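Read-outs: derived from the displayed coordinates by stated rules, not from any lab. Since the model is a prediction, treat every value here as computed from it, not as a measurement. A quick note on method: Cβ atoms are made from the backbone with ideal geometry, for glycine too, and the neighbour counts reach across all protein chains shown.
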Amino acid sequence: MEIKANLNHLRMSPRKVRLVIDVIRKMPIDKALDQLQFLNKLASDPVKKLIESAVANADHNFSIERSNLYIKEIKADEAVTLKRWMPRAHGRATVLRKRACHIHLTLAEIVESGKKTAKKSKIEAPVKLEQVVADAEKKGKKTVDKKVDTKSGAKVNADTKSGKGFTTKNFNRKSGV
């Protein structure tokens, strides 16, 4: 079983990221994370997060144990390069290339567990408002009719079962009060 994870548009040079991923290639997950924790490179943090994300996906989607996984393949490809300018002597400008990379990770099982398909999550049907109203009427809830009092102009809610009416006033308040 292979589990794949990608990290796109990491604002770090692929050359710098390759220094980190070359250290952990073909390692079991636990050893790779230990190496990344003590590696003195800035690229180790995003790579560590990517590995932890892939392990979480394997555990949630396929119920594969963390100790049974190793890094089968990891590579860093070039992404979009941002081009910026820097002023230099004699009115010239030189280009600055701010490079980015994509990291592609593939995890595999050390010992095959035989699981080939992901767990299926049950999706509930969407709720229709007409159905909710019909169910409420079947249960016998009270209905409230809104009427406007001719004298004061206030809204009057008339309870149909008891026949008693009461007035409500809507107050508009300024925010922050």
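Could you tell me which of rounded, prolate or oblate describes region 2-109, using a ≥ b ≥ c as the square roots of the eigenvalues of the alpha-carbon gyration tensor, with rounded for a/c under 1.5 and, failing that, prolate when a/b is larger than b/c and oblate otherwise?
The shape class here is prolate.
If the cut-off is 17 Å between C-alpha atoms, which aspartates and glutamates fall inside it for K119, apart from same-chain ones fewer than 8 positions away?
Filter leaves E2, D59, E65.
Report the extension gain between K41 and M86 in nm, rounded to one decimal, defined as 0.36 nm multiplied by the number of residues separating them, less their alpha carbon distance.
Stretched fully, the K41-M86 segment lengthens by 13.5 nm.
Order the peptides 81-87, 1-7 from the highest to the lowest mean number of other Cβ atoms within 10 Å of their residues.
Most protected by this proxy first, the peptides run 1-7, 81-87.
On a 26 Å Cα-Cα criterion, which of the cross-link pairs K41/K98; K49/K83; K4/K26 come out too long?
Exceeds cut-off: K49/K83.
Between N61 and K75, with labels modelled 7 Å along Cα→Cβ, what's the label distance in nm to one decimal, could you check?
Taking the two extended label points, one gets 2.0 nm.
In what sequence, highest mean first, do 121-134, 23-36 appear when ranked by Cβ atoms within 10 angstrom?
23-36, 121-134
Could you name the aspartates and glutamates in cross-link range of K75, using Cα to Cα under 12 Å and dropping any fewer than eight places away on the same chain?
D22
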